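Below is one structure, written out as structure tokens, with a few remarks after it.
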Ligand code: 13P
């Protein structure tokens, strides 16, 4: 059985002061000895890069994991404005979101770049959360599974079965992000099922079945249960609602 993972992607929100206040509340709810919450699922927050040191400190001794929202694939070098895996790892960053639709569509990241980042994350023992997802136009044209399939294959090029336990996929339909239009559990399960088939094909059944595939796109406290009740929806990548 795959353990559920609930991840909050804070995007470009919160100052260090606001983040500390929010984590104090979150920890009071999640880290309490009796909190059933932390027992049956993994919980992660992914703050903006500059907040990582403050959040790392605020999470000391917590069961909440720390993720980054992006990183470069090189360890160091002439890449103005970028941050390397070697720089974030010492803060206890265990996960990194890669290929988020905002990186793809606003900042022009392509599959080959995202793949290099996935391989760099694995090299540094950081779990890549590889994001895939179709636009509205692609869905309307009946190309959802083709697009998501291509992004999955390209993002995982060179990843072998041994690494399977150390990767997470996130299906985030572009049309569902920040729009309040969540995919129905059935729509999401169809896409996740096809991602699962690709994972089994590439990595073998046993390894493919270990990879968690999260859903993201207007997830809220109200709709999360019906989404994660589907067999191939192994958790959620939450934007807006993770700030509340
Ligand atoms: P929203 O939950 O705000 O739609 O954002 C989803 C997302 O992009 C998470 O990575």
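The values are calculated or read from the model by the stated rules, or taken from the named source; none is laboratory data. Computed from a prediction, not measured in an experiment: that's the story for all the values here. With ideal geometry, Cβ positions are generated from the backbone for all residues, glycine too; neighbour counts draw on all protein chains shown.
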Near pairs, Cβ below 6 angstrom, 6+ apart or cross-chain, from the stretch 193-209 (surrounded by 15 or more Cβ atoms within 10 Å (Cβ to Cβ)) to any residue that is in a helix (DSSP H, G or I) and at pLDDT below 95: 203/161; 203/164; 207/161; 207/164
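Determine if the stretch 173-189 includes at least one residue that is closer than 23 Å to residue 40 by Cα and touching a helix residue (DSSP H, G or I) at 6+ places or on another chain (Cβ under 8 Å).
yes
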Among the candidates 227, 243, residue that is within 16 Å of the ligand (Cβ to nearest atom), under 18 Å from the mean Cα position of the chain (by Cα) and crowded, with 21+ Cβ neighbours inside 10 Å: 227
Test: residue in the stretch 13-32 that is within 16 Å of the ligand (Cβ to nearest atom) and out of contact with any helix residue (DSSP H, G or I) (no Cβ under 9 Å at 6 or more places or on another chain): no
